[in-house]
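> One structure is given below, represented as structure tokens, and several questions about it will come after.
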Amino acid sequence: MQRPLSVIVGLALAVLAVLGGSACSATAGQHDADRPVVPYSGSAAKLFDDAIDPAAVGLDYDKGYSPRADKSLRERSQTGDAVIRVRVATVTAKTDGPEKVYQLGLHAVEKLTGKNPPPADFTVQITKTSESLGIMKNFESRLVGYAFVAFVREFGSPNGERELHFHLAPDTKDVKTAVGDAMLLGELK
């Protein structure tokens with residue numbers, strides 16, 4: 001018995017949807033909590049600076065942001081645990097003495113690269129030491145719904161805990177292309 005083409009196409013799409021959905025949830029949760037991590041210091045701390053790139057929130061007034069020429073983007077892509085597209089789910093401001101600490105609840109939308117992505121929903125912090133404190137004070141809850149490309153890496157803290165540090169870049173085709181180029185360059189080395 002021959003099946004109509006529409007039934008075959010429908011079955012194929014259903015199989016792809018199931019496989020695609022399971023692949024997305026599997027990659028979002030891959031996280032090896034037993035792997036060794038380095039202390040948060042030196043050049044790695046400068047790369048994963050707990051900051052939001054001003055261009056990511058439309059503050060690149062001179063339009064000078066060029067992801068393909070950004071050496072830090074290349075190095076973040078190659079040394080991070082993962083590069084993922086995220087959407088801001090929550091913004092919480094907590095008072096820590098006279099200063100505010102901002103917590104961004106992020107939801108992973110798509111993994112671009114990396115072997116150790118954080119869970120699908122994770123939280124990062126912006127403290128008074130971050131260059132992005134001004135962005136947080138000005139944008140605060142307006143960031144909910146914003147999409148970014150997140151470069152993330154886990155580090156060891158002085159008290160032996162693990163902490164996730166990050167850098168958020170614009171969620172644009174140029175940034176995604178630059179990440180792909182960086183990974184290809186890293187493989188050629």
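Taken together, the values in this text are just the output of simple stated rules run on the coordinates, not laboratory data. Because the structure is a prediction, the values reported are computed rather than measured. Positions of Cβ are backbone-derived with ideal geometry, glycine not excepted, and every protein chain shown enters the neighbour counts.
> Using unit Cβ charges (K, R positive; D, E negative) and no other charged atoms, how large, in debye to the nearest 20, is the dipole of region 35-177 about its Cα centre?
Its charge dipole is roughly 320 debye.
> So what's region 115-183 giving for Rg/Rh, alpha carbon basis, Kirkwood Rh from the mean inverse pair distance?
0.99
> Here's another thing I want to ask about it. Under a straight-distance cross-link criterion of Cα-Cα below 24 Å, which lysines are reachable from K137, leaving out those fewer than 8 residues away in the same chain?
Those lysines meeting the cut-off are K46, K63, K94, K100, K128.
> Amide H of T123: which non-local residues (sequence gap of 5 or more, or other chain) have their own amide H closer than 5 Å, using H built in the peptide plane?
L106
> For region 33-189, what is the Kirkwood hydrodynamic radius in Å, using each pair of distinct C-alpha atoms?
15.9 Å
> Loop-only GluC sites (Glu not before Pro) in region 136-180, please: DSSP not H, G, I, E or B, and at most 14 other Cβ atoms within 10 Å.
Sparse-neighbourhood loop GluC sites (Glu not before Pro): E161.
> Ranked highest first by the average count of other Cβ atoms within 10 Å around their residues, in what order do 41-51, 143-153 fall?
Packing order, densest peptide first, comes out as 143-153, 41-51.
> Mind listing the long-range amide H neighbours of D171? Cut-off is under 5 Å, sequence gap 5 or more, other chains count too, H placed in the peptide plane at 1.01 Å from N.
V149
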